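Peer 1: This is the structure, below, for whatever I ask next.
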Amino acid sequence: MATSTALPVDELRSRFRGPIISPQDADYEAASAVWNGSIRRRPALVARCTGTADVTAAVQFASHHHLQVAVRGGAHNIAGNATCDGGLVIDLSMLRSVRVEPSARIAHVGPGCLWGDVDHETQAFGLAVPGGIVSTTGVAGFTVGGGFGHLTRRFGFASDNLIGADVVLVDGRLVRASATENADLFWGIRGGGGNFGVVSAFDFKLHPVGPEVLGGLIFHPAERAPALFRFLRDFLPASSEELTVFTVLRKAPAAPFVPAEFHGHPVIANLIVHSGEAAQAERDVAPLRRFAQPLVDLVMRRPYSAVQALTDASWLPGFENYWRSDYLEEISDGAIDVLANHLASISSPLSDFKIAYLGGAAARMDDDSALSHRTLPILLNINTRWKVGESSAPHLEWTRSLFEGMKPFSAGKVYVNFLMDEGQDRVRAAYGQEKYERLVALKRRYDPDNFFRFNQNIKP
Ligand SMILES: Cc1cc2nc3c(=O)[nH]c(=O)nc-3n(C[C@H](O)[C@H](O)[C@H](O)COP(=O)(O)OP(=O)(O)OC[C@H]3O[C@@H](n4cnc5c(N)ncnc54)[C@H](O)[C@@H]3O)c2cc1C
């Protein structure tokens, strides 16, 4: 493991324009931390890039000195792969520019951007690209892993909307990846993660959205969970692709919009977004409202960028987090029992578990990218979260019990962006045999020595 004092930092400094942060610096703790507070690593250096030239310099320096490299976009990755012990963090967080070409409906996005940055600029022109459901998530890691959100049933994953990218390869060379240039690399960076190089610029196609959409949460008491799941499994498959529903199970926050007698009690909520025309949106959402008298219905017309930030406050950085996730075959009655029982016993008021209903247009799109399992519409994501300093044991136990309980209903496949450090079988499960083998061949071509290995790693 390298230490910063043993490294010829001046050699890097002579070629690098941004700040290079080492353990002696006051901002080192913040610079080496990531969103998941359970991950605490001590890199030798954090190199904050100001542009592609800095990315090139950092890659070549690390390669020359055989340094472990971590690439940091928005630092939201649950496995904490944006920081490493003893290596070099190639930190892209200063590269947050977004340039929109409204008439061409294209956004040029820097690799340090968060989805809130992109939404802010694109919404000025009534345009959007499918981003995540929390506005502080980074564009870079999200997109190279696929990336889904409230517009996915209508416009696909973020990676489906990538039309080109600049990529710094392992030797520091900058290449373009698109349908017509290095098409094999373009296939790989749309779902294959950070295995092939550092993307230093993303170009997305944009779609007309908003500026207002119909969106918000509808809360129901926990005992209604079985009936609600049964209703959703019948209603959603044929529902409009302009509508997205994420079912969230958690303890109700002590917020003024929740009736006081439910504060701290388990509840089930649908996070609903309809991005279509206003009258149609009301018609399409009506069955969800008619299902039963809710505890509270917060669905209303809101700016799209506000909907994108609706749950941000629940997902601040610096808490301990443990996630497990799997695609499900279906929401069977047996699965509903497991979900409902674990809602009753949820161990932390900060945790939730969600069912995302995907499919729609995303399932029908051209499957010619590393993104996998687009035809599987149901994704379980268990987001267990507790305060630093609290005992982790009850939270880990509850999570494992729920995840294991759901195993019989799993499709045996997983979404790569929700993986923690779970071993190579799970990385394979994220791609399936055919795509995994194609990724291995690509890795052999672009990174045969596995320099970019601090990720959901494709072993060459
Ligand atoms: C609160 C929260 C909400 C989320 N919501 C969603 C959601 O709605 N939908 C969804 O699909 N996912 C969601 N995610 C998961 C998210 O997609 C991943 O955490 C993703 O890795 C975040 O990207 P990032 O840039 O912030 O991550 P980082 O931690 O910065 O990077 C993650 C990894 O991506 C790779 N990488 C980063 N930048 C680059 C680059 N420029 N070039 C090449 N490789 C790079 C590296 O391997 C890096 O280790 C959420 C995560 C959190 C914590």
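Peer 1: Can Leu206 be described as away from the ligand (no atom under 16 Å from the Cβ), touching a residue at least 60 places away in the same chain (Cβ under 8 Å), within 23 Å of Ala361 (Cβ to Cβ) and surrounded by 20 or more Cβ atoms within 10 Å (Cβ to Cβ)?
Peer 2: When the stated conditions are applied, Leu206 passes them.
Peer 1: What are the residues in segment 421-437 that are charged (D, E, K, R) and surrounded by 11 or more Cβ atoms within 10 Å (Cβ to Cβ), if any?
Peer 2: Listed by number, the residues that qualify are Asp421, Glu422, Arg426, Arg428, Lys435, Glu437.
Peer 1: Tell me, yes or no, whether segment 148-164 has at least one residue that is in contact (Cβ under 8 Å) with a residue 40 or more places away in the chain, within 9 Å of the ligand (Cβ to nearest atom) and not in a loop (DSSP other than H, G, I, E, B).
Peer 2: yes
Peer 1: Where in segment 205-315 are the helices (runs of 4 or more DSSP H), entirely inside, with at least 3 residues that are touching a helix residue (DSSP H, G or I) at 6+ places or on another chain (Cβ under 7 Å)?
Peer 2: Passing ranges, in order: 225-235, 304-308.
Peer 1: At least 1 residues that are surrounded by fewer than 23 Cβ atoms within 10 Å (Cβ to Cβ) and either over 24 Å from the mean Cα position of the chain (by Cα) or not hydrophobic (A, V, I, L, M, F, W, C) (or both) in each: list the strands (runs of 3 or more DSSP E) lying fully within segment 21-135 that qualify.
Peer 2: Values: elements: 45-48, 69-72, 88-91, 98-101, 106-109.
The strands (runs of 3 or more DSSP E) meeting that bar are 98-101, 106-109.
Peer 1: Pick out the one residue from Val134, Val144, Val168, Val175 that is near the ligand (Cβ under 8 Å from one of its atoms), closer than 30 Å to His64 by Cβ, hydrophobic (A, V, I, L, M, F, W, C) and modelled with pLDDT of 95 or more.
Peer 2: Numbers: Val134 fails: closer than 30 Å to His64 by Cβ; Val168 fails: near the ligand (Cβ under 8 Å from one of its atoms); Val175 fails: near the ligand (Cβ under 8 Å from one of its atoms).
Step by step, each of Val134, Val144, Val168, Val175 is checked, and only Val144 is near the ligand (Cβ under 8 Å from one of its atoms), closer than 30 Å to His64 by Cβ, hydrophobic (A, V, I, L, M, F, W, C) and modelled with pLDDT of 95 or more.
Peer 1: Before we move on, is Pro394 closer than 17 Å to Phe353 by Cβ, in contact with a strand residue (DSSP E or B) (Cβ under 9 Å, 6 or more places away or on another chain) and either of a type in the set (Phe, Trp, Tyr) or away from the ligand (no atom under 16 Å from the Cβ) (or both)?
Peer 2: Taking the combined requirement at face value, the residue satisfies it.
Peer 1: Hey, does segment 340-355 have a residue that's within 14 Å of the ligand (Cβ to nearest atom), exposed (fewer than 14 other Cβ atoms within 10 Å of the Cβ) and either farther than 22 Å from Ser314 by Cβ or acidic (Asp, Glu) (or both)? Before you say what the answer is, go through the steps one by one.
Peer 2: Initially, segment 340-355 is screened for residues within 14 Å of the ligand (Cβ to nearest atom), giving 350-355.
From the residues that got through so far, the ones that are exposed (fewer than 14 other Cβ atoms within 10 Å of the Cβ) too are none.
No, every residue in segment 340-355 fails to be within 14 Å of the ligand (Cβ to nearest atom), exposed (fewer than 14 other Cβ atoms within 10 Å of the Cβ) and either farther than 22 Å from Ser314 by Cβ or acidic (Asp, Glu) (or both).
Peer 1: Here's something else I'd like to know. Consider Leu316 against the criteria (1) within 20 Å of Ala222 (Cβ to Cβ); (2) surrounded by fewer than 20 Cβ atoms within 10 Å (Cβ to Cβ): it satisfies all of them except one. Which criterion is unmet?
Peer 2: (1)
Peer 1: Being within 14 Å of the ligand (Cβ to nearest atom), closer than 17 Å to Thr122 by Cβ and open to solvent by less than 10 Å² (accessible area, probe 1.4 Å), is that true of even one residue in segment 180-202?
Peer 2: Within segment 180-202, one or more residues are within 14 Å of the ligand (Cβ to nearest atom), closer than 17 Å to Thr122 by Cβ and open to solvent by less than 10 Å² (accessible area, probe 1.4 Å).
Peer 1: A further question follows. Can you tell me how many residues in segment 213-239 are of a type in the set (Gly, Ala, Ser), modelled with pLDDT of 95 or more and open to solvent by 30 Å² or more (accessible area, probe 1.4 Å)?
Peer 2: Qualifying residue count, segment 213-239: 1.
Peer 1: Counting just the residues of segment 411-420 that are open to solvent by 20 Å² or more (accessible area, probe 1.4 Å) and either assigned to a helix (DSSP H, G or I) or within 12 Å of the ligand (Cβ to nearest atom) (or both), which one comes out farthest from Asp184 (Cα to Cα)?
Peer 2: Here the residue is Met420.
Peer 1: Identify all residues within segment 194-212 that are more than 22 Å from the chain's Cα centre (by Cα) and not small (Gly, Ala, Ser); write none if there are none.
Peer 2: Of everything in segment 194-212, those that are more than 22 Å from the chain's Cα centre (by Cα) and not small (Gly, Ala, Ser) turn out to be Pro208, Pro211, Glu212.
Peer 1: Criterion first (more than 8 Å from the ligand (Cβ to nearest atom), farther than 23 Å from Asp54 by Cβ and in contact with a Ser or Thr (Cβ under 7 Å, 6 or more places away or on another chain)) does Ala128 satisfy it? Lay out the reasoning, then the answer.
Peer 2: Values: more than 8 Å from the ligand (Cβ to nearest atom): yes; farther than 23 Å from Asp54 by Cβ: yes; in contact with a Ser or Thr (Cβ under 7 Å, 6 or more places away or on another chain): yes.
Taking the combined requirement at face value, the residue satisfies it.
Peer 1: Identify, from the list Lys435, Lys413, Lys387, Lys443, the residue that is among the charged types (D, E, K, R), closer than 26 Å to Gln68 by Cβ and touching a residue at least 60 places away in the same chain (Cβ under 8 Å).
Peer 2: Lys443
The values are calculated or read from the model by the stated rules, or taken from the named source; none is laboratory data. Everything quoted here is computed from the prediction, not taken from an experiment. So basically every Cβ, Gly included, is an ideal-geometry build from the backbone, and we count neighbours across all protein chains shown. Just the protein is used for accessible areas: all its heavy atoms, side chains included, with ligands, DNA and RNA removed. Shrake-Rupley method; radii C 1.70, N 1.55, O 1.52, S 1.80 Å.
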